[in-house]
1. Which one, M307, F286, I25, is farthest towards the positive end of the dipole of the chain when Lys and Arg carry +1 and Asp and Glu -1 on their Cβ?
2. If you count only protein heavy atoms with a 1.4 Å probe, what accessible area per residue comes out for the chain, rounded to a whole Å²?
3. Under 5 Å between amide H atoms, partner at least 5 residues away or on a different chain: which partners does N285 have, H built in plane at 1.01 Å?
4. Identify which of V267, V121, V91 has the largest mean-square fluctuation in a Gaussian network model of the chain, with springs joining Cα atoms closer than 10 Å.
5. Under unit Cβ charges (Lys, Arg +1; Asp, Glu -1), what dipole magnitude, rounded to 20 debye, does the chain have relative to its Cα centre?
6. Would you mind checking the pairs K44/K283; K108/K185; K99/K185 and listing those with alpha carbons more than 18 angstrom apart?
7. Once ligands and nucleic acids are excluded and a 1.4 Å probe is used, how much of M38 is accessible, expressed in Å² to the nearest 10?
8. Let me have the 222 nm mean residue ellipticity of the chain computed from DSSP H runs of 4+ only, each contributing -39500 (n - 2.57), with the sum over all residues rounded to the nearest 500.
Amino acid sequence: MAFRRRAKSYPLFSQEFLIHNHADIGFCLVLCVLIALMFEATAKTAFLFILPQYNISVPTADGELVHYRYGLKDLITILFYVFIAIILHMVLQDYVLDKINRRLHLSKVKHSKFNESGQLVAFHLTSMIWCLYVVVTEGYLSNPRSWWENYPHVFLPFQVKFFYLCQLAYWLHALPELYFQKVRKEEIPRHLRYITLYLMHIAGAYLLNLTRLGLVLLLLQYFAEFLFHMARLFYFTDENNEKLFNAWAVVFVVTRLFTLTLSVLVVGFGLARVENQAFDPEKGNFNTLLSRMGVLSLVCLSQAWMMWHFIHFQLRRWREYWNEQSARQRAATLTKQQSKPVKRESGYHENGVVKAENGTSPRTKKLKSP
């Protein structure tokens, strides 16, 4: 399966080879793991890459439920799904986004931003639907008290753990994609900032056993980000279409308020009332005053940083809008002035003297003597 068919050939494992063939390399590695499932001697090792590890059977009234906890072997599973994410990234790029780009004839800068938004629209939409399904089926939305009751939530259902592993894999795959996609140097710091923020918050919720709160906050965040990147896609197709940006601005502010409110409610008040308040990493318990203050500080700082960038973005948009409006008004005024007819005397002017139609100066009338 070749994602990019090119006439040029590059030296093996050179920089150009890796950039143009990284998806093919990832596909070969994934295929090797899948083939290993077919043989009894290697199947056990292959399952380390494909399925979440550390499963535990929990007895219940209806039978036994299989739950999972986290551990170092999760890194192997995450690595496997990093390659899956690279393959899906390249499939979407080659078979959808590149075809749309050829029709739109965008500039180089807009082409890069269009690709970024196209990738993130697909990811945010998929993650949003998946996350909504998880929180509904697990009963987290119908019972908000479950977000902090019976903490620590060490044992996770399969779909919750698998969701977190895939999220971590996607945002980790975004790091090498900066190299593979040849992102401009001035754009790299912006990409690194939001990738680091996502990794910190997702990994923090996963490792501190705040997965239920993390799912709800991710659902809100992904909805806001989905609207933003959809607005950018519509803007690139029609620069006069900015209605979705206004809808996103409202949703963004509401999301920040809900994120802060829910974080304070769960971490500041809910966990503070839980009886089991001790620092015990072996049991997954991090419910201490210092830990709670650290989590709230991180959330508040990240939300404040995002709001500051949002305000800066909105001010720049309004400044550009008013500059454009004033330029249009000046152009309209100049057009009106130029189109106004100028009244002149009969004939034409030459050196400040009115000439008759035949080129002679008009004769002055003689005054009669009294």
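1. Value: M307.
2. With the other protein chains kept in place, the chain gives 63 Å² per residue.
3. Answer set, sorted by chain and number: D280.
4. V91
5. 2920
6. Distance filter (> 18 Å) returns K44/K283; K99/K185.
7. 140
8. -22000 deg cm²/dmol
The values are calculated or read from the model by the stated rules, or taken from the named source; none is laboratory data. In this text the structure is predicted, and so the values were computed from the model without any measurement. Glycine also receives a Cβ, built like all others from the backbone with ideal geometry; neighbour counts cover every protein chain displayed. Surface areas here come from the heavy atoms of the whole protein model, side chains and all, with no ligands, DNA or RNA. Shrake-Rupley method; radii C 1.70, N 1.55, O 1.52, S 1.80 Å.
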